[in-house]
Amino acid sequence: MNDTTAGKAAADKAATLSLNGKASQMPMRSGTIGPDVIDVGKLYANTGCFTYDPGFTSTANCSSRITYIDGDEGTLLYRGYPIEQLAEGSNFLEVCYLLLHGDLPNKGQFDQFRTTISRHTMVHEQMTRFYTGFRRDAHPMAIMTGTVGALSAFYHDSTDINDQTQRMIASHRMIAKMPTMASMAFKYSIGQPFIYPRNDLDYTANFLQMCFAVPCEPYVVNPILARALDRIFILHADHEQNASTSTVRLAGSSGANPFACIAAGIACLWGPAHGGANEAALNMLEEIGTVDRVAEYVKRAKDKNSGFRLMGFGHRVYKNYDPRAKVMQKTCHEVLDALGVRNEPLLKVALELERIALQDEYFIEKKLYPNIDFYSGITLRALGFPKDMFTVLFAVARTVGWIAQWKEMIEDPEQRIGRPRQLYIGAPRREFAAIEKRA
Ligand code: CMC
């Protein structure tokens with residue numbers, strides 16, 4: 001085992017499993033911070049048993065240097081830097097560099113990175129035809145799943161995953177083209193012409209102009225709103241081995257085309273338990289409508305038979321306030337102030353819902369706190385995006401996390417095709433009978 005790739009063997013530590021009177025020793029590994037892991041890689045060979053962990057609640061699938069979460073403390077670090085500090089002092093493109101390369105760039109490195117990304121912002125002109133093949137009322141995440149997958153048919157010079165340079169070019173292309181493709185999905189859905197990228201603008205300002213400019217008049221980006229969206233992108237940039245990132249890693253573990261892997265991540269992100277929660281949270285706030293109905297919805301959320309959950313609440317890893325939700329709440333206030341929105345009724349509903357839920361025994365006992373999606377919907381709607389674009393914006397920001405994790409996996413000497421095992425509970429072996437002989 002190589003210390004630098006898979007964490008140090010935890011000195012003098014091993015786990016012992018006693019099974020049918022026979023003891024099996026399993027080595028343990030330590031990371032830089034966080035829980036140790038028991039290496040069960042030889043468990044089947046030594047005992048004939050698998051581990052069973054649906055939803056991977058206790059299973060580390062890889063070692064990674066990119067993002068660290070302490071869910072009990074409510075801590076999130078990108079390459080060691082706290083999310084609050086990055087959200088305050090950095091910008092999204094710098095965070096992209098950090099996630100991709102491991103360190104913050106100096107001025108020269110940043111300028112070069114910015115130039116490289118801006119030179120990849122256009123998509124192949126033929127890509128526009130893919131968009132026009134969709135119904136106008138298609139969900140933009142459906143469009144994104146298809147069109148990002150279609151990129152794999154275009155950029156043949158950056159799909160050799162064994163070539164380091166090609167891997168980096170594919171990464172740059174993904175980061176650069178996602179805003180363009182997301183804005184095209186949006187423009188198509190509202191029947192407006194696609195707007196080409198403007199490389200003189202910053203990453204997020206350019207995205208806003210591609211979404212909201214029209215060819216017939218000049219569009220001036222509001223710097224406060226651009227900064228707010230940039231911060232929202234920082235908050236969403238990576239989140240270690242979440243469902244969509246694990247999907248990208250699993251798809252990539254077979255050696256698949258990188259653009260196709262990202263399309264797989266987008267498909268996974270769409271679900272309401274994951275990235276789709278921001279859209280679902282705003283739908284819920286709208287449905288509640290007024291502060292006086294909050295208690296009724298909290299009651300419903302506690303009733304298992306109702307099938308209703310508070311969207312934007314709870315998290316697999318955070319058993320404390322999601323640190324991103326705090327920054328998001330602040331950003332929400334900033335955006336509403338900048339737009340002169342006073343007394344936004346949905347913000348009132350959200351604040352009251354949070355207040356009541358955080359005092360409620362059910363939520364306290366289960367450690368359910370607002371997550372990033374709780375306030376993001378109100379903020380994104382105020383920025384001018386329709387609900388069905390919310391998860392698309394999440395995808396734009398998460399692309400750097402996906403591609404950095406994909407690259408890390410390909411470059412990890414321990415990487416093997418991802419292939420979970422199962423507990424088979426189906427019919428035991430039986431003999432086939434021709435149809436006329438069946439009862
Ligand atoms: N409202 C009411 N009860 C909840 C909620 C909620 N939002 N979330 C969890 N619970 C209850 C759940 O019923 C269960 O109760 P019990 O132990 O009595 O069966 C307990 O809390 C644990 O829930 P779980 O479903 O076993 O937990 P999980 O780790 O599998 O699920 C989650 C995590 C995020 C899918 C879940 O909390 C949820 O569905 N939240 C709402 C959707 C949401 O906001 N998702 C965004 C996640 S953050 C952004 C992202 O990663 O994309």
- For the stretch 403-427 and the stretch 93-161, what is the separation of their Cα centres, given in Å? 25
- Query: If you add up the charges near Leu151, with Lys and Arg at +1 and Asp and Glu at -1, over every other residue whose beta carbon is less than 10 angstrom from its beta carbon, what do you get?
  - Reply: +2
- Averaged per residue, what accessible surface does the stretch 114-227 expose to a 1.4 Å probe, in Å²? 46
- Taking Lys and Arg as +1 and Asp and Glu as -1, residues besides Ser90 with C-beta under 12 Å from its C-beta add up to -1
- Query: By the gyration tensor of its Cα atoms, with a ≥ b ≥ c the square roots of the eigenvalues, what is the shape of the stretch 214-264: rounded for a/c under 1.5, prolate for a/b over b/c, or oblate?
  - Reply: oblate
- Task: Roll a 1.4 angstrom probe over the protein heavy atoms and tell me the percent of accessible area of the stretch 394-439 that is carbon or sulfur.
- Result: 54
- At q = 0.20 Å⁻¹, what is the base-10 log of I(q)/I(0) for the stretch 251-306 according to the Debye formula with one equal point scatterer per Cα and no solvent? Please give it to two decimals. -0.79
- Message: Can you tell me which lysines have their Cα less than 27 Å from the Cα of Lys187? Leave out same-chain residues fewer than eight positions away.
- Response: Lys177, Lys387
- Under the classification rounded if a/c is under 1.5, otherwise prolate if a/b is larger than b/c and oblate if not, where does the stretch 75-203 fall, given a ≥ b ≥ c as square roots of the Cα gyration tensor eigenvalues? prolate
- Using alpha carbons only: equivalent-ellipsoid semi-axes of the stretch 199-320, gyration tensor based, whole Å: 31, 26, 13
- Message: Please enumerate, by chain and number, the aspartates and glutamates with C-alpha under 18 Å from the C-alpha of Lys304, excluding those fewer than 8 residues away in the same chain.
- Response: Glu296, Asp360, Glu361, Glu365
- Item | Cubic angstrom per residue, convex hull over Cα atoms of the chain | 212
- Tabulate in residue order the Karplus-calculated ³J(HN,Hα) for the stretch 211-225, using 6.51 cos²θ - 1.76 cosθ + 1.60 with θ = phi - 60°, rounded to whole Hz; enter x for Gly and Pro. 7, 10, 6, 10, x, 8, 8, x, 10, 10, 6, 6, x, 5, 6
- Query: In whole Å, what are the Cα extents of the stretch 310-382 along the three principal axes, biggest one first?
  - Reply: 38, 21, 15
- Query: For the pair Arg438 and Gln25, how long in nm is the line joining their label points, each one 7 Å along Cα→Cβ?
  - Reply: 5.4
- Query: What residue among Tyr219, Tyr81, Tyr297 shows peak mean-square fluctuation when the chain is described by a Gaussian network model with Cα springs under 10 Å?
  - Reply: Tyr219
- Task: Over 21 Å, how big is the tail of the calculated P(r) for the stretch 30-104, in percent of all Cα pairs?
- Result: 44
- Item | Value of [θ]222 nm, deg cm²/dmol, for the chain, DSSP H segments ≥ 4, -39500 (n - 2.57) each, nearest 500 | -15000 deg cm²/dmol
- What order, most packed first, do the peptides 425-438, 198-211 have when packing is the mean number of other Cβ atoms within 10 Å of each residue? 198-211, 425-438
- Note on the structure: GNM on the chain, Cα springs under 10 Å; top mean-square fluctuation among Ala404, Ala153, Ala264 goes to Ala153
- Query: Which ³J(HN,Hα) values, rounded to whole Hz and listed in residue order, are derived for the stretch 426-434 from phi using the Karplus coefficients 6.51, -1.76 and 1.60 in 6.51 cos²θ - 1.76 cosθ + 1.60 with θ = phi - 60°, glycine and proline given as x?
  - Reply: x, 5, x, 4, 9, 8, 5, 10, 4
- Cβ-based net charge around Asp103, under 13 Å, with every Lys or Arg adding one and every Asp or Glu removing one: +1
- Largest to smallest principal axis extent of the C-alpha atoms in the stretch 325-422, angstrom: 54, 36, 21
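The values are calculated or read from the model by the stated rules, or taken from the named source; none is laboratory data. Keep in mind it's a predicted model, so treat the numbers as computed, not measured. Here Cβ is always computed from backbone atoms with ideal geometry, including for glycine, and neighbour counts include all displayed protein chains. Side chains are part of the model used for accessible areas, which takes the heavy atoms of the whole protein and leaves out ligands, DNA and RNA. Shrake-Rupley method; radii C 1.70, N 1.55, O 1.52, S 1.80 Å.
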